[in-house]
Each structure stands twice: as structure tokens, then as C-alpha cells.
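Working notes for the structure below.
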Amino acid sequence: MPTPSMEDYIEQIYMLIESKGYARVSDIADALDVHPSSVTKMVQKLDKDEYLNYEKYRGLILTAQGKKIGKRLVYRHELLEQFLELIGVNPENIYEDVEGIEHHLSWNSIDRIGDLVQYLEKHPQVIEELKHLHKEPDEI
């Protein structure tokens, strides 16, 4: 399995390819707010580990394994955002919270959160009940 850092790169590369049709080192660096030299080093490692194919000055493509993992990582991120939104986390906190927790949950936990999201979507009354439990910090 890839490390959390590798996951961030694979996820970003997958999203860039899905939205633009390609992912350049400069695009990845901008998206992850890192230096292009850091991206090149990681891309070379991902190539060595067979998550992508990289040719200097020609670009990169995800392997079948890289695409599968990239798709799963994007799903994990979107699912966690959806879950935090459903349970009433302040929108301005959601992205940072997801970034903070996504690498620390097992895939079993992610699957159970997926089950819970599906349940909550089928039972909107539960979401309404949750809203009544929310207390502002000064109310506690």
C-alpha cells in the first residue's frame, strides 16, 4: 500500500487526469503546494512502484493499479466530506478535517462510514434529530 504522502500524489494526479485529461509536474506542484522537484522525486518513486508510468519531458499516466487506487482515494475523500457535512460540521472546517483524518482510517472504517452515510440519506429524520443535538460552544 502507498504511504499517506504517496496517496496524496496519486489522488491529485487522478483528479487532474479526470478533469484535464493529463497531469503535468507543474500542475501537481501547484495543486499540492510543493516544489516541482519534490513532485519529480515522488513521481519517479510512484513509477518505480508501478502506480504510474513516467517519462521525463513526456508526461505521466496512471497504471491500472494507480487508477484503481486513485479512484478509491477520491471516493474516500468525497465520502468523508459528505459524512462531515451530514453530521453538521461547519463547512469552513470540512476540508481541513478530512485532510487531517483521511490517512488515519482503515478501509474497513471508511466502508462503515459509507454504510452510515447511506443510512442517513435514506432516513433524513435522523439528520434532523442530529441538528437538535448540536450545541454552540457557549451553550456547553
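The values are calculated or read from the model by the stated rules, or taken from the named source; none is laboratory data. What you see is a predicted model; the values in this text were computed from it and never measured. All Cβ positions, even for glycine, are placed from backbone atoms using ideal geometry, and neighbour counts span all protein chains on display. Ligands, DNA and RNA are excluded from the accessible area calculation, which covers all protein heavy atoms including side chains. Shrake-Rupley method; radii C 1.70, N 1.55, O 1.52, S 1.80 Å.
When the residues of segment 72-130 are filtered to those that are basic (Lys, Arg) and open to solvent by less than 90 Å² (accessible area, probe 1.4 Å), which remaining residue is nearest to the chain's Cα centre (by Cα)? Break it down stepwise before answering.
So the first thing to find is which residues in segment 72-130 are basic (Lys, Arg), and the list is 72, 76, 112, 122.
The next check asks that each one be open to solvent by less than 90 Å² (accessible area, probe 1.4 Å); those that pass are 72, 76.
On the way: Arg72: 8, Arg76: 6 Å.
For segment 72-130, the residue satisfying everything is Arg76.
Within segment 30-43, how many residues are closer than 18 Å to Thr3 by Cα, surrounded by 14 or more Cβ atoms within 10 Å (Cβ to Cβ) and free of Cβ contacts under 8 Å to residues at least 24 places away in the same chain? It would help to see each step written out before you state the result.
Let us first name the residues in segment 30-43 that are closer than 18 Å to Thr3 by Cα, namely 32, 34, 38-43.
Among the residues that remain, those that are also surrounded by 14 or more Cβ atoms within 10 Å (Cβ to Cβ) are: 32, 34, 38-40, 42-43.
Those left that are additionally free of Cβ contacts under 8 Å to residues at least 24 places away in the same chain: 34, 38, 40.
Residues in segment 30-43 being closer than 18 Å to Thr3 by Cα, surrounded by 14 or more Cβ atoms within 10 Å (Cβ to Cβ) and free of Cβ contacts under 8 Å to residues at least 24 places away in the same chain: 3 in total.
Given the options Ile13, Ile17, Ile61, name the one that is aliphatic (A, V, I, L, M) and open to solvent by 50 Å² or more (accessible area, probe 1.4 Å). Reasoning before the result, please.
On the way: Ile13 fails: open to solvent by 50 Å² or more (accessible area, probe 1.4 Å); Ile17 fails: open to solvent by 50 Å² or more (accessible area, probe 1.4 Å).
Sole residue among the options that is aliphatic (A, V, I, L, M) and open to solvent by 50 Å² or more (accessible area, probe 1.4 Å): Ile61.
Given the residues Tyr22, Tyr54, which is the only one that is at pLDDT below 95, open to solvent by 70 Å² or more (accessible area, probe 1.4 Å) and of a type in the set (Ser, Thr, Tyr)?
Values: Tyr54 fails: open to solvent by 70 Å² or more (accessible area, probe 1.4 Å).
One residue alone meets the criteria, Tyr22.
Checking the conditions here, which among Gln82, Gln118 is within 20 Å of Tyr14 (Cβ to Cβ) and part of a helix (DSSP H, G or I)?
Gln82
For the list (1) within 16 Å of the chain's Cα centre (by Cα); (2) modelled with pLDDT of 95 or more, I need the number of the one condition that Lys48 fails.
It is condition (1) that Lys48 fails.
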